[in-house]
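**Student:** The structure follows.
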Amino acid sequence: QVQFVESGGGLVQPGGSLRLSCAASESISSFAAMGWYRQAPGKQRELVATVTRGGDTNYVDSVKARFTITRDNAKNTVYLQMNSLKPEDTADYYCYARTDFYREYWGQGTQVTVSS
């Protein structure tokens, strides 16, 4: 079964940037879509961004124009570039992958804290 290793989380001041990485243990070219979810304390899990095999992207409205998701099939890695971070972006961020048959895989999560 594929394993994901997420990295890049941490503490950043409002207005700062972070880049999350999700490295897969095998080729990601087989996944129809990959993305990032987040879950803040006391809140439901929220889909942040997705990228399809064909490169189409989708973002939740609250991060549009601030976050960018990219997919590097050669490195088996998905990235989430997060700019102009706000305190409300504070959450645990989880890497996600879905096959053509809608089987889902999840990473262990990386914590992002936006605070002064």
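The values are calculated or read from the model by the stated rules, or taken from the named source; none is laboratory data. Since we're looking at a predicted model, the values are computed, not measured. Glycine gets a Cβ as well: all are built from the backbone with ideal geometry, and neighbour counts include every protein chain shown. Note: areas computed on protein heavy atoms with side chains; ligands, DNA, RNA excluded. Shrake-Rupley method; radii C 1.70, N 1.55, O 1.52, S 1.80 Å.
**Student:** Picking from Pro14, Trp106, Val51, whose Cα lies most toward the positive end of the charge dipole for the chain (charges on Cβ: Lys, Arg +1; Asp, Glu -1)?
**Tutor:** Positive-end residue among those listed: Pro14.
**Student:** Still on this structure, I have one more. Run the reach check for Lys43 against lysines, Cα to Cα strictly under 24 Å, same-chain hits fewer than 8 apart removed. What comes back?
**Tutor:** Filter leaves Lys64, Lys86.
**Student:** So if I place +1 on the C-beta of Lys and Arg and -1 on the C-beta of Asp and Glu, and nothing else carries charge, what would the dipole magnitude of the chain be about its Cα centre? I want it in debye, nearest 20.
**Tutor:** With only Lys, Arg, Asp and Glu charged at Cβ, the dipole is about 100 debye.
**Student:** In Å², what does the accessible area per residue of the chain work out to with a 1.4 Å probe?
**Tutor:** 54
**Student:** Sticking with this structure for a sec: Obtain the radius of gyration and the Kirkwood radius of the chain from its C-alpha atoms and give Rg over Rh.
**Tutor:** 0.95
**Student:** So, with a 1.4 angstrom probe, what is the percent of accessible area on the chain that is carbon and sulfur?
**Tutor:** Roughly 44 percent, rounded to a whole number.
**Student:** Apply the Karplus curve 6.51 cos²θ - 1.76 cosθ + 1.60, θ = phi - 60°, to the phi angles in the stretch 49-63 and return the couplings in whole Hz, x for Gly and Pro.
**Tutor:** 7, 9, 9, 8, 4, x, x, 6, 10, 8, 9, 5, 4, 5, 10
**Student:** To check you understand DSSP bridge types, tell me what percent of the beta bridges within the chain (both residues inside) are antiparallel, rounded to 5.
**Tutor:** Here the antiparallel bridges make up roughly 95 percent for the chain.
**Student:** Taking a cut-off of 15 Å, what percent of all Cα-Cα pairs in the stretch 60-116 are separated by more than that?
**Tutor:** 60
**Student:** With a point put 7 Å past each Cα toward its Cβ, work out how far Asn83 is from Thr52 in nm, to one decimal.
**Tutor:** 2.6
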